[in-house]
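Structure record follows, encoded as structure tokens.
The values are calculated or read from the model by the stated rules, or taken from the named source; none is laboratory data. Note that the coordinates shown come from a computational prediction; the quantities given were computed from them, not determined experimentally. A quick note on method: Cβ atoms are made from the backbone with ideal geometry, for glycine too, and the neighbour counts reach across all protein chains shown. Note: areas computed on protein heavy atoms with side chains; ligands, DNA, RNA excluded. Shrake-Rupley method; radii C 1.70, N 1.55, O 1.52, S 1.80 Å.
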Amino acid sequence: MSDRIAIFIDGGYLDKILELRFSRVHIDYNKLSSWMSRECDILRTYYYTCLPYKNSDNPTPEQEERYNNKQKFHYALNSLPRFTVRVGKLKLKGFDIATRQPIFEQKGVDIMLCIDMISLALKNKVTHIALLASDGDFLPVIEAVRNEGVVTYLYHSDYRDFSRQVVLTPSKYLISAVDERFTIDQTVINSILRQPREILLQR
């Protein structure tokens with residue numbers, strides 16, 4: 001089998017990179033996928049995310065707008081060639097004591113990513129896997145697919161700003177587990193910017 005890659009994107013992590021490191025710049029997701037492929041044939045790009053929180057009993061207009069815009073964005077991503085969006089659930093855990101801001105937790109996203117990744121490796125569907133994520137919880141699945149002979153790439157930010165309490169660097173255990181690592185820096189962002197004429201909806 002010729003080199004074939006599956007691409008796995010943690011949408012929440014990518015959103016943080018684009019917002020906190022690059023001032024909410026808008027990118028071309030096809031270009032991102034192509035850059036992450038390292039010139040392998042792309043089997044599929046998987047994008048894992050959650051819809052924004054919406055009060056089920058009495059949602060505010062702002063909640064409705066964010067929710068609807070995110071749905072439109074997911075539809076646009078799903079319409080791209082060989083893209084699949086996997087949607088988990090966002091659960092309200094409580095409120096921060098100091099700021100009174102809501103605290104949310106994604107449910108089901110990591111599990112879906114791990115199942116998809118290990119399934120493709122066990123079925124010999126891919127020779128390479130690319131992961132855009134930072135969570136050390138992905139370490140076991142990375143080790144599992146490497147044991148199946150799959151080459152693993154990690155894509156991440158190296159941005160830290162302790163004055164803003166922003167740390168986008170991945171777990172050191174995840175970094176050490178993969179075969180190769182690639183940093184999303186300004187040069188990369190410049191190469192995958194979305195042009196004004198392109199119609200992919202806003203996040």
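Calculate I(q)/I(0) for the chain by the Debye formula, one identical point scatterer on each C-alpha and no solvent, and give its log10 at q = 0.12, 0.13, 0.15, 0.17 Å⁻¹ to two decimals.
The computed values of log10 I(q)/I(0) come out as -0.64, -0.76, -1.01, -1.29.
May I ask for the net charge around ARG160, where only other residues with Cβ less than 14 Å from the Cβ of ARG160 are counted and Lys, Arg are +1 while Asp, Glu are -1?
Net charge around ARG160: +1.
Please list the helices of the chain that count as membrane-span-like by this rule: a mean Kyte-Doolittle hydropathy of at least 1.0 together with Cα atoms stretching 18 Å or more along the helix axis, each helix being a complete DSSP H run.
Answer set is 109-122.
When ranked by the protection proxy of mean other Cβ atoms within 10 Å per residue, highest first, what sequence do the peptides 51-64, 168-181 form?
Listed from highest to lowest mean packing, they are 168-181, 51-64.
What part of the accessible area of segment 113-158, given as a whole %, is carbon or sulfur when the probe is 1.4 angstrom?
46
Cα-Cα pairs above 11 Å in segment 128-170: how many percent?
I get 69 percent for the Cα pairs in segment 128-170 exceeding 11 Å.
From the residues LEU193, SER171, THR152, which one has its Cα farthest along the dipole of the chain in the positive direction, the dipole being from +1 and -1 charges on Cβ of Lys/Arg and Asp/Glu about the Cα centre?
In the chain, that residue is LEU193.
If packing is taken as the average number of other Cβ atoms within 10 Å across a peptide's residues, how do 146-157, 15-26, 130-141 rank, most packed first?
Ranked from most to least packed, the peptides come out as 130-141, 146-157, 15-26.
Check which residues have an amide H placed less than 5 Å from ARG86's amide H, if you skip close sequence neighbours.
TYR47, TYR48, THR49
Evaluate the charge dipole of segment 53-187 about its Cα centre and quote only its size in Debye, nearest 20, assuming +1 on the Cβ of each Lys and Arg and -1 on the Cβ of each Asp and Glu.
Dipole size: approximately 300 debye.
Under 5 Å between amide H atoms, partner at least 5 residues away or on a different chain: which partners does TYR159 have, H built in plane at 1.01 Å?
Here LEU168, THR169 satisfy the definition.
With all protein chains present and a 1.4 Å probe, how do VAL188, VAL167 order by accessible area, largest first?
My answer, sorted largest first, is VAL167, VAL188.
Please report the net charge: other residues with Cβ closer than 13 Å to the Cβ of TRP35, K and R +1, D and E -1.
For residues surrounding TRP35, the net value is -1.
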